[in-house]
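Computed from the coordinates by the stated procedures, all read-outs in this text should not be read as laboratory data. This is a predicted model, so every value here is computed, not measured.
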């Protein structure tokens, strides 16, 4: 029996979807299937709280449109719609942000985060704090390069990631790095080779977390927090319960 992962990209950038799907396929065991889904509407990249608000609804819609998969991976570092997706699916649902933080906490005492725009730094610090590991964070460094210009196709961006990563290691004492954008996933191994410390990629590791839960028979709890949504009537749109 093979594992089928739904890789959900909450923005509309098909190129990033395909790149992240390639990273997930490379990480998963042979015979696994990655069903890559791109948001049908919304922002082409997610940089702000307003973008995230739209992305949450798209994540819920993608889960509903892709039933019966063995696991789901929300492939935006802010993990938009993670709790909603867990309400809507019995299969394991992983966010690439939470996956990267789990990995960094396992393999290092102190880690640094490399992100896109400076406006996102407070939200990332809140994410880290919510996991109880803020004191282990050596810093969140912004490139001031947007999501749309991330990935293997942008050599200048990758060079900037390497430079920021080296500063984090040499000046701030980081022992591991997190690249806080799904679009960076396909350069993570190259950055690791260049800098010489672990680079925690939430796409590949997140795919394996979903696989590990499925393989060991652990599904999302359907009582309490992640129970299916109540059958509440919606006006002007379909409800998550199909009403």
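Given the options 55, 89, 231, state which has the largest fluctuation in a GNM of the chain using a 10 Å cut-off (strictly under) for Cα springs.
Looking only at 55, 89, 231, the largest GNM fluctuation is found for 231.
Starting from 0.36 nm per residue, how many nanometres of slack lie between residue 1 and residue 133 once their C-alpha separation is accounted for? Can you show the working numbers first?
On the way: separation 132, 0.36 × 132 = 47.52 nm, distance 3.70 nm.
Roughly 43.8 nm would be gained on extension.
If you fit an axis through the alpha-carbon atoms of helix 49-65 and take the longest principal axis of the Cα set of the chain, what angle between them do you get, 0 to 90°, nearest 10?
Computed tilt is about 50 degrees.
If you build a Gaussian network model of the chain, linking Cα atoms that sit under 10 Å apart, which residue out of 196, 71, 224 swings the most?
Maximum among the listed residues: 224.
Let me make sure I get this right: for segment 43-142, a, b and c are the square roots of the gyration tensor eigenvalues over alpha carbons, sorted descending. Under 1.5 in a/c it's rounded, otherwise prolate if a/b > b/c, else oblate. Which is it? Don't skip to the answer; put the middle values down first.
Values: a/c = 2.65, a/b = 1.47, b/c = 1.80.
Oblate shape, in that a/c is at least 1.5 and b/c is the bigger or equal ratio.
How high is the relative contact order of the chain, in percent, with contacts defined as C-alpha pairs under 8 Å that are six or more residues apart?
23
Which of 151, 68, 97 moves most in a GNM of the chain, Cα contacts under 10 Å?
The residue that fluctuates most here is 68.
Using 0.36 nm per residue of separation minus the Cα-Cα distance, give me the extension gain between residue 83 and residue 238 in nm, one decimal. Present the calculation step by step, with values, prior to reporting the outcome.
Working: separation 155, 0.36 × 155 = 55.80 nm, distance 1.91 nm.
The residue 83-residue 238 span can extend by a further 53.9 nm.
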